[in-house]
Amino acid sequence: MKRGNIVLSGFMASGKTTVGELISRMTGREMVDTDLLVEKAAGISIPEIFAERGEAAFRILERDVVAALAEGDGLVVALGGGAVLDPANVSSMKKNGVIYYLDVSADEVIRRVDFDGKRPLLGEGIEDVERLLGGRRRKYVETADAVVDTGGRRPQEIAGDIVADFRSRCGRVGEGGSGGC
Ligand code: S3P
């Protein structure tokens with residue numbers, strides 16, 4: 001029976017991986033991270049893909065990875081921070097999943113990240129983060145099935161809320177339902 005995917009979207013350092021791992025532990029679902037799958041497909045790291053092949057090449061790889069995951073079921077999917085900017089990725093994920101946007105402020109992002117070059121689009125400081133996040137936020141909200149406020153909240157609490165929401169939309173987690181479930 002179809003169980004649907006729990007899909008996590010959001011800006012860099014919004015907590016997708018941490019929350020995804022917690023949801024995976026709570027539900028027994030497998031967690032997949034599109035960034036890791038892109039790196040595996042390319043055989044090089046994300047900073048290397050950006051440096052050697054450019055962002056457009058990264059986005060093509062990302063789109064292929066996301067399309068393949070739409071065929072999966074019962075997964076927790078952590079999307080790269082720019083994935084939902086491509087409508088193809090949104091329709092792939094909505095085919096068989098519920099998209100949760102982890103809403104985070106620019107200040108919080110700054111507190112969490114190192115500007116160490118591991119995230120090629122992050123820029124150099126608060127102004128870059130504000131500009132990128134400000135330009136994207138509407139898209140994040142519009143493409144999500146649910147917006148999850150992460151401000152001042154523990155990852156466990158956020159993961160618990162998402163599992164409860166998914167359960168109410170889709171029946172008991174793992175039992176299947178309809179509309180992305
Ligand atoms: C990106 C976010 C990154 C990664 C790539 C591009 C973005 O993922 O996909 O560097 O455009 O926001 P994380 O959100 O997991 O850092």
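Values in this text are rule-based calculations from the coordinates and carry no lab data. On a predicted model such as this, the values are computed, not experimentally measured, just so you know. Every residue, glycine among them, receives a Cβ derived from its backbone with ideal geometry; neighbour counts consider all protein chains shown.
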Rounded to the nearest 500, the 222 nm mean residue ellipticity computed for the chain from DSSP H runs (n ≥ 4, each -39500 (n - 2.57)) alone is -16000 deg cm²/dmol
Given the alpha-carbon gyration tensor of region 49-143, what are the semi-axes of its equivalent ellipsoid in whole angstrom, ordered largest first, with each equal to the square root of 5 times an eigenvalue?
24, 17, 12
Lysines near Lys95 by alpha-carbon distance under 27 Å, same-chain residues fewer than 8 away left out - which ones?
Lys2, Lys16, Lys40, Lys139
Tell me which GluC sites (Glu not before Pro) from region 20-80 have a DSSP coil assignment and no more than 11 other beta carbons within 10 Å of their own.
Glu71
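Given contacts defined as C-alpha pairs under 8 Å and at least six residues apart, what's the relative contact order of region 1-67, whole-number percent?
On the way: 32 pairs, mean separation 14.3, N = 67.
21 percent.
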